[in-house]
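Heads up, the thing below is written out as structure tokens.
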Amino acid sequence: MDITLQVNGRPHTIDVDPRTSLLDLLRERLGLTGSKKGCDHGQCGSCTVLVDGRRANACLALAVAMDGRAVTTVEGLADGEELHPLQAAFIEHDAFQCGYCTPGQLCSAAGMLGEPGPSAVTGDLMADPALTPEEIRERMSGNLCRCGAYVNIVSAISEVAR
């Protein structure tokens, strides 16, 4: 089945098996190996990418469902040689250890910064709360880090959110 999608700002028309996940398409067909295959069940977040600017687990999304959509991977966050502010903040705050989850953390944080509204920890459900450390932890809870770099991840995201 032929699909057309934008990946990191570049158009691609690709013949894919309808059973192919977006993650497998990105890694195996397009050579974009930043997004990682962790649990393959949508529970760890290491495969998180942005689809039309919103966070998505690439391991759960079928590639055929991406026809006509824009996908941004960690490779597409930077502007040429200039790092995305989140990438620079992750380096500055040492917000990674082994680095396996980092691409998913970065894409999730980039999407989260553009998502207004309350979360499960927001006191006033009619408010658009400030991104406090508590709000950031809740909004990033779908991205796991086995090394435990959460304190630094929250610090890095907080810096960019200000």
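Structure notes:
- Per the listing Ala63, Ala88, the residue uniquely out of contact with any helix residue (DSSP H, G or I) (no Cβ under 8 Å at 6 or more places or on another chain) and either touching a residue at least 12 places away in the same chain (Cβ under 8 Å) or surrounded by 15 or more Cβ atoms within 10 Å (Cβ to Cβ) (or both) is Ala88.
- Residue count for region 103-142, restricted to those that are under 25 Å from Arg27 (Cα atoms) and part of a helix (DSSP H, G or I): 10.
- Residue match in region 143-156 (condition: closer than 20 Å to Asp24 by Cα and either without any contact (Cβ under 8 Å) to a residue 12 or more places away in the chain or surrounded by 17 or more Cβ atoms within 10 Å (Cβ to Cβ) (or both)): yes
- The set of residues in region 41-56 being assigned to a loop (DSSP other than H, G, I, E, B), surrounded by fewer than 16 Cβ atoms within 10 Å (Cβ to Cβ) and touching a residue at least 60 places away in the same chain (Cβ under 8 Å) consists of Gln43, Gly53.
- Scanning region 11-31 for residues that are in a loop (DSSP other than H, G, I, E, B), acidic (Asp, Glu), under 15 Å from Cys107 (Cβ atoms) and modelled with pLDDT of 95 or more turns up nothing.
- Residue match in region 92-113 (condition: open to solvent by less than 60 Å² (accessible area, probe 1.4 Å), over 22 Å from Cys47 (Cβ atoms) and among the small types (Gly, Ala, Ser)): no
- Of the residues screened, Gly38 is one that is in contact with a Ser or Thr (Cβ under 7 Å, 6 or more places away or on another chain), assigned to a loop (DSSP other than H, G, I, E, B), open to solvent by 40 Å² or more (accessible area, probe 1.4 Å) and touching a residue at least 60 places away in the same chain (Cβ under 8 Å).
- Gly117 meets all of the listed conditions (1) touching a Gly at 6+ places or on another chain (Cβ under 9 Å); (2) at pLDDT below 95 but one, namely (1).
The values are calculated or read from the model by the stated rules, or taken from the named source; none is laboratory data. All of these numbers come straight from a predicted model, not from anything done at the bench. Heads up, the Cβs are rebuilt from the backbone with ideal geometry, glycines too, and the neighbour counts pull from every protein chain shown. These area figures cover heavy atoms from the full protein model, side chains too; ligands, DNA and RNA do not enter into them. Shrake-Rupley method; radii C 1.70, N 1.55, O 1.52, S 1.80 Å.
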